[in-house]
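Taken together, the values in this text are just the output of simple stated rules run on the coordinates, not laboratory data. Note that the structure is predicted; figures quoted are calculated from it, not measured. FYI the Cβ positions are ideal-geometry reconstructions off the backbone, even for glycines, and counts take in every protein chain you see.
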Amino acid sequence: MVSDMKNKYGLIGYPLSHSFSKSYFNEKFEKENITDCEYELFPIKKIEELNSLIQAQPALKGLNVTIPYKETVIPFLDELDETAKAVGAVNCIKIENHDSQKDSKLSKSNFPNQTLKGYNTDVFGFRQSIKPFLETQHERALILGTGGASKAVHHVLKEIGIDCYFVTRDKTTSENEKIFEYSELNEYMIAAFKLIVNTTPLGMFPDVNTSPEIPYQYITSSHLLYDLIYNPSETEFLKQGKAKGASTVNGLSMLKQQAEEAWRIWNKET
């Protein structure tokens, strides 16, 4: 079959019903007349299935990684680039095949003829997508959620010089001092943090009626609400912010930016 000859790329995570990645890349391939590549979704229920997936897909050259595996995938990789190492989360994997026995010794993974290297293109995507919207009042940020995506957001905002606090349902499991529980958020705190970034899956298709439990009544026109979710294009989180006059941004631009960065990584010479 001709399709078996193509270089294959894909997305791992679970579930993947919300993802636009497959349509994005396949539209890119068609638009740019890239005929030797294809992109698939690989919904795996546990990260341990990664090994059998790679074994079953010898044409696989690269993977994107989404919820909930951005951190748990790391032990399965041979190495991390500097950004992924600094962030502590991976959303892009480059798979390189080795032709010689000498090169195969480079691999520490379960695949002696392949090297799996982890990257974080969320950092690039988030930085590029939020820059046009930042204003002087956005000097402090609340990051909703503490998963892999939140680490990329924190990395970018810290580099920019924005003071960040995380918000979670239960902070007793964290040693991070800059962390609040949702129940602690009040009028004063919402007034003090003019940038609020949702990195949780709350509001993602198909559960579109859910949203993080923050006191939206204290949101003002000085606030910027950014949601990493892009499906739906306007989440309940963004709707409630917009109703209070806040500026709102969804994650579609971030998706496109990080996808293009992943494509560059997969195809660059190393």
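At-a-glance table
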read-out	value
Additional length obtainable on full extension of the chain from ASN113 to ALA243, 0.36 nm per residue less Cα span	41.3 nm
Taking only Cα atoms of the range 2-119, radius of gyration then Dmax in Å	14.3, 42
Length gained when the stretch GLU71-LYS85 is fully extended (0.36 nm per residue, less Cα-Cα span)	4.0 nm
Label-zone membership for the range 160-193, site THR210, 7 angstrom Cα→C-beta point, backbone N under 19 Å	167-171, 181-183
Non-local Lys pairs in the range 125-254, i.e. 8 or more apart or on different chains, that have alpha carbons under 26 Å apart	21
Whole-number D in µm² s⁻¹ for the chain, Kirkwood Cα-pair radius fed into Stokes-Einstein, 10 °C, 1.306 mPa s	81
Separation in nanometres of the label points that stand 7 Å from Cα toward Cβ, at LYS46 and TYR14	0.8
Helix-only mean residue ellipticity at 222 nm for the chain, each DSSP H run of n ≥ 4 adding -39500 (n - 2.57), per residue, nearest 500	-8500 deg cm²/dmol
Linear extension gain, GLU181 paired with LEU53, 0.36 nm per residue minus alpha-carbon span	42.3 nm
